[in-house]
1. Could you check the spin-label model distance between residue A:46 and residue A:128? Points 7 Å from the Cα along Cα→Cβ, value in nm.
2. Run lengths n ≥ 4 of DSSP H only: what is the helix-derived mean residue ellipticity at 222 nm for the protein assembly as shown, with -39500 (n - 2.57) per run over all residues, to the nearest 500?
3. Averaged over its residues, how many other protein chain Cβ atoms are within 10 Å of peptide B:103-116's Cβ atoms?
4. As I understand it, the value is the acute angle between the Cα axis of helix B:7-17 and the longest principal axis of the Cα atoms of chain B; what does it come to in degrees, rounded to 10?
5. With label points built 7 Å along Cα→Cβ from the Cα atoms of residue A:256 and residue A:163, find their separation and express it in nm.
6. Roughly speaking, what is the centre-to-centre gap between the stretch A:115-168 and the stretch B:62-137 when only Cα atoms are used, to the nearest Å?
7. Just for the Cα atoms in the stretch B:7-126, what are the lengths along the principal axes, largest first, rounded to whole Å?
8. Taking beta carbons within 10 Å but only from partner chains, what does the mean come to for residues A:204-212?
C-alpha cells in the first residue's frame, strides 16, 4: 500500500469537507493499465456527504496508454456527462499528489453490482437486466453524444473542432501502432488499406466515450446502474461508440447478439436513433467496427511486447498477443462483407 | 535418433500436469487463472507444432499464387528453412506493393481472401472454438 496514503486522505478530505474524516479501511483494487484504484471506507463528520461512505479512489498510474486521459480531465468529463444525464457515479475532490507526487486523483461514489462482461451476458440472475440494458445503454449513449466541442468549451480533449477529421485521427493512430509492431502483419496492412480507401467523407463530432462496451457498465438485476471508465473519452464520430459496442470480443461468446452480447444490432441502433434523434449511419458504424478490431489486434500484439521486452512479467500479456489473429480475421471478415 | 516423446507430446503432458495436479491445489485466484493460461498456451503450441509442415507449405503456396510473376522456387522441394525464407521474401514484396498503392482493387480483394485463409488455418490450432463462418452478424 502506498506509504502514508491513509493520513494524506484524512488530512485532505478534512479540509475539503470542513470536519474530521477517518479512513476505516483501504484496499487496492485491480486497476486498469493507466490508473490505480483503491476501495476506501470513510467516516465523514461534516458536509453533504457526512456519514459512513464507501468510495473508489482513482489515481493516475505511473504509465499512461496512448490516447488516455489523466484523472483531472477524466473528472471534468464525468462532471459534464452527469450534467447531460448520463448515469455515472459522481466524481469528487480532485487533487494532485494524494497517491503519488504529480499524479491526479479523485474519489468516486461506490456502486454495487456486476461489471465483469462474461457474467453480465450469461448469469441467469441478470436475465431481466439483459432485456432492459439495450434501451438503457442506447439512451445513455445518446446523452453522451449530446455533448459537443461547442457545448463543452472548457473541455480540452483530443478531437476538438479544427483538428483532423475523426477517421483521419484514427487512421494516424493505427499507422503509428503498426509502425511499432515488431514484425509486419499483412492482415493488418490490408485492413489499413481498406480503411484508407473507405474512410467516411464527412463526420459529425461529439463527445465519444471511447470504451463503451460490456465490461465497462455496472449492472444490477434491474439493469444499468452506471457507465464507467471514461479514460479514453475524446471528441470524435459518435458512430465509433456504437461500433465499439458491437466488436466481437465484447460479445463474450454471445455471437448472435452483436450489441455487447445483449441483443442484435438493429434493435440497439433503433433505440439509439429514438433516443438521440440522430440517424445511425450503418456504413460508418461498419468502418469503425473494422477499425476497432484492427486497433484491438495491434494493441494486443503490443501488450505481448511489454512481456517480451522484459518490461513486465505477466503471462497473460503473451496470451493476449496470441489472440490478435482473431481480431485480424474479424476485421477482414467485416471489410469483405462490406464490399462484395 | 529417437525423439519419443516428441515436443508436442511433452507440451501436452505439461498442460495436463498443470490442469489436473497443480491447478486444483492453488487457492490464489490470480495464480490459478494464470495456470489455466499456461496450460492453454502449452496445448496451443503443441497443436501448432503438429500442423507446422503442412501449414508452412500452404502459406508459401498462397503467397506464390498471389504474386505469380515473382520467382520463388518449387515449394514442395524446399527444406523448412528455405521455405520460411521464400515465404518472408514474398511477404515483403507483397507489402512493398501494398504500401506503394501498386495493387489493383481485384488484387486487393484476392489478397484479402488469401490472407483470411491463412488466418483461418492459424485459428484452427490457436483457438479451435473460434467460429469462422460468414453468417455472423
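1. 4.4
2. Dividing the helical sum by the residues of the protein assembly as shown leaves -16500 deg cm²/dmol.
3. Other-chain Cβ atoms within 10 Å of each residue's Cβ, averaged: 4.
4. Result, in degrees: 40.
5. Placing both labels 7 Å along Cα→Cβ, they lie 4.1 nm apart.
6. After rounding, the separation between the Cα centres reads 37 Å.
7. Here the Cα extents, ordered largest to smallest, are 59, 31, 18 Å.
8. 0
Any read-out appearing in this document is the output of simple, stated calculations on the displayed coordinates, not a laboratory observation. Owing to the predicted nature of the structure, the values given are computational and were not obtained by experimental measurement. Here the Cβ is made from the backbone with ideal geometry for all residues, glycine too, and neighbour counts use every protein chain on show.
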